[in-house]
Amino acid sequence: MKNHFRKYLRWAVAVSAFGFGFSQAGIVITGTRVVYPAQEREVTIKINNTGALPALVQSWIDDGNEKTSAQEKSMPFSLLPPVFRVDPGKAQTLRMSYTQEPLPQDRESVFWLNVLEIPPRPDAETRESRNLLQMAFRSRIKIFFRPQGLPGDADAAAAGLRWQLTANEAGTGYDLEAENPSAFHVSISKASVSFGEQAYEAGSGMVAPRGSQRFPLAGLAAKPAAAPRIRFTAINDYGALVDREAGPEIRGEQQVAPPSEAAPNT
């Protein structure tokens, strides 16, 4: 009886909070990734407030650890302003500059831009008249630091991936492994492998320069005799999706519309 009561109480509180009102994210980053050419003095990122209320925004850069706060770790970039207010329907430009600390010059480096939206505190009348759930929203997009004179180009990096089936570490099935011989990161929004009419989904991820990435294949316990056909969708510098196919031969690519927002951890 007590357990049923606790479950009901949690459900009632949730319904009460969401039923009477809650804050919604209004801060939007223009673009789904940032490419920073090493020769540039600075790059700019536009932040828009599409909501109906003013918002306080904090911005910082990390090295991929989502738990890193703005104060915890120094990054080789300056980001101005670090804290700012954006009124409804208005925009703010972030200025990012490379501080010239040593970074690899033979390949791209990747960092993350964090934008935290802190909603305004409701006035006394609003607090008294209804229940209100307020939430702080954080958006994250990748920053690719691109040294000058890298061999090849970013658009061709996805086509140059080398794919193979590899037994997983548990010995219970197979992974789809992508090797990236280029100097550029390749972000994959989705991938799959098919044997005849049977297809297996491999998920999403990012393949580092001169590195490899495994994509677990759910349901593939034994390696089929048929030749594999690999299909994947890469994300280019502009956030557009590029469909590709690999196997006995490389087929052409097809551009589709850019995603409306950044896909997480791709």
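None of the figures in this text is laboratory data; all of them are computed from the coordinates on show. Since the model is a prediction, treat every value here as computed from it, not as a measurement. When we count neighbours, we look across all protein chains shown, and the Cβ atoms used for this are built from the backbone with ideal geometry, even at glycine.
Structure notes:
- With neighbour counts taken as other beta-carbon atoms within 10 Å, the residues ASP62, ASP87 rank, fewest first, as ASP87, ASP62.
- Spatial separation of Cα centroids for the stretch 43-116 and the stretch 135-149, in angstrom: 8 Å
- Per-bin percent of Cα-Cα distances, the stretch 90-246 [10 Å]: 9, 29, 25, 18, 12, 7, 1
- Protection proxy ranking, peptides 176-188, 160-172, average beta carbon neighbours within 10 Å, highest first: 176-188, 160-172
- Net lengthening on full extension, THR50/LEU165 (0.36 nm per residue, minus Cα-Cα): 36.9 nm
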